[in-house]
Amino acid sequence: VGFSNPPSTGLTASSVPFNIGEIKGSGFESSLQANLLKSQDFGLNIGLIWNYQTNEVVDLGGAQPIFDGFSNNVIKEGLAKHEFYREVVNGAKFDATGKYTGVDVQTTRTALGNPIPSHTGSFTINFKFLKNFNFYALADWALDRKMFNNSELFAARFGNSVQRSNLGAQIGIGTVDGITPYTVGSPEYTAAANAYAKVDGNYASNYIQDAQFFKLREISISYSFKDFLPDLGQTYVKDLVLGISGRNLWTSTPYTGADVELNHNGSRSLTRGNDFLTLMNPRTYNFWIRVAF
């Protein structure tokens, strides 16, 4: 954790990493490469990587649990580092008539998952065809992972969530064109009230979401002109390759935020997996030339 130097040292511009306890971790890394086809004009190579990690804070030297600036991520004995640790919203509270009166929330914190995935992996394919063409693709994934959608919480807290506005209108809190409130005490009213409590922007646990993902990270195709280089030129230029590629082409994830690979505070603090008003990673396209001498 960050440890501040005494002012008398004059070294107070930034904190110094300081070990206060012990973490035990384990896991494995695996890689499989296969050359399935090889000839003068064709070739096919595939690669598969699968990694697993787990860790547990086993000692804090007598210190209390340490929270990040948003009080979401924690270093706590018995939990993995960076674990989300918040009070869970059970649902809505109702009066004797069945009318919504507020949020029923637990008084103690609960471990809600971790922004660091337990499983990560990737798959690559490299296909050479018609002698000089080459096709490359990379997909990767992460499993058993959570994200805090702080941007969506921020919108809900300040009245900019369509879902929360619609649910509120269904139970008579605010109005939305085309929505008629349900009868107080009816099953529809109760269900809408519980859903309304689950999107309350005052409770971070409502916005800690599943964030496993599968990404088509990159596709490229290239062509080598080495067979067309003049005999004289090949003395100096061995190969000339032209290619096009795309990055961040497609993502599948249950996470509802702008991007599943964001952290508003980088990696400088305990905060992890916090999507707060952060720009997404862009989809990009590139044209490239490679010259071999």
Candidate set from region 234-293 (those that are part of a loop (DSSP other than H, G, I, E, B) and of a type in the set (A, V, I, L, M)); member that is nearest to the chain's Cα centre (by Cα)
V260
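One line per residue, one yes/no per condition, for (1) touching a residue at least 12 places away in the same chain (Cβ under 8 Å); (2) surrounded by 18 or more Cβ atoms within 10 Å (Cβ to Cβ); (3) under 17 Å from R217 (Cα atoms); (4) touching a His at 6+ places or on another chain (Cβ under 9 Å):
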{"site": "Y255", "(1), (2), (3), (4)": "yes, yes, no, no"}
{"site": "V260", "(1), (2), (3), (4)": "yes, yes, yes, no"}
{"site": "H264", "(1), (2), (3), (4)": "yes, no, no, no"}
{"site": "T271", "(1), (2), (3), (4)": "yes, yes, no, yes"}
{"site": "L279", "(1), (2), (3), (4)": "yes, no, no, no"}
{"site": "Y285", "(1), (2), (3), (4)": "yes, no, yes, no"}
{"site": "R290", "(1), (2), (3), (4)": "yes, no, no, no"}
{"site": "F293", "(1), (2), (3), (4)": "yes, no, no, no"}
Could you give every pair whose Cβ atoms fall below 7 Å, whose first residue belongs to region 4-30 and is of a type in the set (A, V, I, L, M, F, W, C) and at pLDDT below 90, and whose second residue is assigned to a strand (DSSP E or B) and open to solvent by 80 Å² or more (accessible area, probe 1.4 Å), counting only separations of at least 6 or pairs across chains?
V16/F3; F18/F3
Checking N132 against (1) out of contact with any Gly (no Cβ under 9 Å at 6 or more places or on another chain); (2) open to solvent by 30 Å² or more (accessible area, probe 1.4 Å); (3) not basic (K, R), only one condition comes out false. Which one?
(2)
All conditions in (1) more than 23 Å from T253 (Cα to Cα); (2) modelled with pLDDT of 95 or more; (3) outside any helix (DSSP H, G or I) are true of D140 except (1)
Given the options V176, V199, name the one that is in a loop (DSSP other than H, G, I, E, B), over 30 Å from S122 (Cα atoms) and either in contact with a strand residue (DSSP E or B) (Cβ under 8 Å, 6 or more places away or on another chain) or in contact (Cβ under 8 Å) with a residue 40 or more places away in the chain (or both).
V199
Of all residues in region 112-160, which are touching a Leu at 6+ places or on another chain (Cβ under 7 Å), among the small types (G, A, S) and farther than 30 Å from Q33 by Cβ?
S151
Name the residue that is surrounded by the most Cβ atoms within 10 Å (Cβ to Cβ), counting only residues in region 206-223 that are more than 11 Å from the chain's Cα centre (by Cα) and outside any strand (DSSP E or B).
Y207
Checked pairs for region 223-251, first within 12 Å of V291 (Cβ to Cβ) and of a type in the set (K, R), second at pLDDT 75 or above and surrounded by 12 or more Cβ atoms within 10 Å (Cβ to Cβ), C-beta under 6 Å and 6 or more apart or across chains, list as K226/D239
Checklist (1) under 15 Å from L270 (Cα atoms); (2) touching a residue at least 40 places away in the same chain (Cβ under 8 Å); (3) assigned to a strand (DSSP E or B) applied to F70, failing item:
(3)
Restricting attention to region 84-114, and to residues there that are assigned to a strand (DSSP E or B) and among the charged types (D, E, K, R), which single residue is most open to solvent (accessible area, probe 1.4 Å)?
K93
Going residue by residue through region 219-236, is there one that turns out to be under 30 Å from F148 (Cβ atoms) and at pLDDT 95 or above?
no
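The values are calculated or read from the model by the stated rules, or taken from the named source; none is laboratory data. The model shown is predicted, which means the values in this text are computed figures rather than measured ones. So basically every Cβ, Gly included, is an ideal-geometry build from the backbone, and we count neighbours across all protein chains shown. Ligands, DNA and RNA are excluded from the accessible area calculation, which covers all protein heavy atoms including side chains. Shrake-Rupley method; radii C 1.70, N 1.55, O 1.52, S 1.80 Å.
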